[in-house]
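Asks: Quick one: the structure is below, and I'll ask about it shortly.
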Amino acid sequence: MFYIASKFLTFFIMPIGILCLFLVWAIYTKNRAKSKKLVIATFVFLYIFSNPLLINELLLFWEIPPSSISGIKTHDVGIILTGGTINEEKLPKENIFLGKSADRIAQTIELYKNGKIRKVLISGGEISVFGKTPKKEVEEIAKYLIISGVPKSSIFMETHAQNTQENAFNCSKILKKHFENQSYLLITSGFHLRRASACFEKVNVKIDTFGADYLSHERVYYWYSILPKEEYLAYSQLIFREIIGYYTYKVLGWI
């Protein structure tokens with residue numbers, strides 16, 4: 001219920017939600033001067049939310065900077081969080097279709113093959129929508145790790161978490177039971193690391209972090225960097241949702 005409610009409510013304070021509200025207001029207001037101003041404001045916000053230069057700067061500010069694999073010490077357990085790593089709804093089911101956050105899996109494989117993690121703990125449950133449950137992302141990640149050379153005996157799964165706070169809480173129990181007093185490396189998207197690491201710290205799990213799936217790029221700009229691009233509107237949605245999620249967790253006492 002929390003998951004569904006949070007998705008619905010946060011929509012209206014994210015870029016696309018704001019644009020929709022402005023347009024609806026412009027359509028239904030009887031004041032033509034105000035309607036014109038609202039339409040102009042919609043275009044201004046659309047430009048800001050889809051501007052590569054501005055959104056990249058926001059991403060650079062929020063994302064935890066990446067670490068070099070060579071500079072990472074060896075950890076007993078690498079914890080990879082699910083969330084868009086697998087395209088769960090694509091058929092046939094026997095195929096493994098990678099999703100938009102699949103770099104989390106790629107980085108985990110590279111860390112394992114470079115001897116930086118000895119075991120892998122995959123964390124994430126499934127949320128049934130209208131009674132329909134897609135392929136289990138945790139299981140699909142495990143399959144992909146195995147065919148990529150990670151032994152099945154080195155893979156552990158946490159299959160009940162439905163948000164980042166539950167990822168941390170549920171993993172803390174598994175780590176305490178099977179890997180107490182060992183070293184842990186948290187692997188998730190760069191923009192998600194800030195909230196995820198804070199959740200693990202809240203449940204008294206000391207971790208190091210390793211970012212994947214970075215949306216930002218280095219500060220190399222050209223004249224056309226001021227022109228709006230559709231993918232940056234999508235990036236602004238992601239980063240706004242993450243910032244809102246971070247401060248919501250603060251209010252709830254989860255971080």
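Asks: Ranking Asp208, Asp213 by Cβ neighbours within 10 Å, fewest first, what do you get?
Replies: Details: Asp208 14, Asp213 22.
By the 10 Å Cβ count, ascending, the order reads Asp208, Asp213.
Asks: Here is a follow-up. Using the Cα atoms of region 52-187 to build a convex hull, what is its mean projected area in square nanometres? Display every interim value, and only then the final one.
Replies: Values: hull surface 40.4 nm².
Result: 10.1 nm².
Asks: Listed highest first by mean packing, meaning other Cβ atoms within 10 Å per residue, what order do 66-76, 158-168 come in?
Replies: Details: 66-76: 12.0, 158-168: 20.6.
Result, highest mean first: 158-168, 66-76.
Asks: Restricting attention to region 212-243, which GluC sites (Glu not before Pro) occupy a DSSP loop and are surrounded by at most 13 other Cβ atoms within 10 Å?
Replies: Details: sites: Glu218, Glu230, Glu231, Glu242; in loops: Glu218.
Sites meeting the loop and neighbour criteria: Glu218.
Asks: Continuing with this model, one more query. So for region 42-97, Kirkwood radius off the Cα pairs, Stokes-Einstein at 25 °C and 0.890 mPa s: how many µm² s⁻¹?
Replies: Values: Rh = 15.9 Å.
The estimated diffusion coefficient comes to 154 µm²/s.
Asks: Given a Förster distance of 35 angstrom, what is the FRET efficiency for Tyr28 paired with Ile244, based on the Cβ-Cβ distance and rounded to 0.05? Before the final figure, lay out each step's value.
Replies: Working: r = 26 Å, r/R0 = 0.75.
Efficiency, rounded to the nearest 0.05: 0.85.
Asks: If the only charges are +1 at each Lys and Arg Cβ and -1 at each Asp and Glu Cβ, what is the size of the charge dipole of the chain around the Cα centre, to the nearest 20 debye?
Replies: Numbers: 31 positive and 22 negative charges, 123 e Å.
About 580 debye.
Asks: Right, another one. For Leu121, what residues show an amide H to amide H distance below 5 Å, using hydrogens built from the backbone and excluding near sequence neighbours?
Replies: The answer is Gly78, Ile79, Ile80, Phe156.
Asks: Here is a follow-up. Output the relative contact order of the chain, whole-number percent, from Cα pairs under 8 angstrom with separation of 6+ residues. Let's see the in-between values first.
Replies: Working: 385 pairs, mean separation 64.8, N = 255.
After rounding, I find 25 percent.
Asks: For the chain, give me the percentage of DSSP beta bridges that are antiparallel, rounded to the nearest 5 percent.
Replies: Values: 2 of 21 bridges.
The antiparallel fraction comes to roughly 10 percent.
Asks: Where a Cα-Cα gap under 20 Å defines reach, which aspartates and glutamates qualify for Lys177, not counting those fewer than 8 residues away within the same chain?
Replies: Asp76, Glu158, Glu166, Glu201, Asp208
Asks: Placing +1 at every Lys and Arg Cβ and -1 at every Asp and Glu Cβ, with all other atoms neutral, what dipole size does region 148-233 have around its Cα centre, in debye to the nearest 20? Don't skip to the answer; put the middle values down first.
Replies: On the way: 10 positive and 9 negative charges, 60 e Å.
Its charge dipole is roughly 300 debye.
Asks: Just the C-alpha atoms of the chain: what Rg/Rh do they give, with Rh taken as the Kirkwood radius?
Replies: Taking Rh as the inverse mean 1/r over Cα pairs, Rg/Rh reads 1.02.
Here, each number is a calculation from the coordinates, and none is a lab measurement. Quick caveat: nothing in here was measured; it's all calculated off a predicted structure. Positions of Cβ are generated from backbone atoms using ideal geometry, with glycine treated the same way; all protein chains shown enter the neighbour counts.
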